[in-house]
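Contents: one structure, followed by commentary.
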Amino acid sequence: MKLKSHPYFWMVEPLAEKPSFLAKPMFGAVGCYFDGKIVLVLSAREEPWRGVLVTTEREHHCSLLEQFPELAPHEILPKWLYLPEANECFEPLTRQLVELIINRDPRMGTIPKKKKKKKKPQAAPDGRPPHLA
């Protein structure tokens, strides 16, 4: 899915103008990356996947929840905070979150874990593939 066609693109447009911004498909949603961190996930599916996931470390939950009581831990991915589209503060709050990201608030975003490379099976001593040994 192209970010510009996503219904929440307007939300990250100021962020998308920055050179270190990157958007990637992620489980039917769009993961937004800034400075190498995943900072937001935009999801326009059915609840509980209709809104914005704010990716942050658990140590920052209390601080962000105090500042933005409309956020809550996501019911399926509680390591991240969630703002449903149905929330009356959705638009102004998402703009504030994007500003925090642009201003590099250390509470915003997580460094993605590196994917482990699959090991190739070792060939048998006689050179045959392992499944034929």
Qualifying residue in the range 67-75 (condition: among the acidic types (D, E), over 19 Å from I111 (Cβ atoms) and more than 13 Å from the chain's Cα centre (by Cα)): yes
Top-ranked residue of the range 91-133 - restricted to ones that are of a type in the set (A, V, I, L, M, F, W, C) and under 29 Å from V52 (Cβ atoms), ranked as modelled with the lowest pLDDT: I111
Yes/no for T56 being assigned to a loop (DSSP other than H, G, I, E, B) and either surrounded by 12 or more Cβ atoms within 10 Å (Cβ to Cβ) or in contact (Cβ under 8 Å) with a residue 60 or more places away in the chain (or both): yes
Number of positions in the range 1-51 that are among the aromatic types (F, W, Y) and assigned to a loop (DSSP other than H, G, I, E, B): 4
Condition met for A29 (farther than 18 Å from I101 by Cα, of a type in the set (G, A, S) and touching a strand residue (DSSP E or B) at 6+ places or on another chain (Cβ under 7 Å)): yes
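The values are calculated or read from the model by the stated rules, or taken from the named source; none is laboratory data. Computed from a predicted model, the values in this text were never measured in an experiment. Note that each Cβ is placed from the backbone with ideal geometry, even for glycine, and that neighbours are counted across all protein chains shown.
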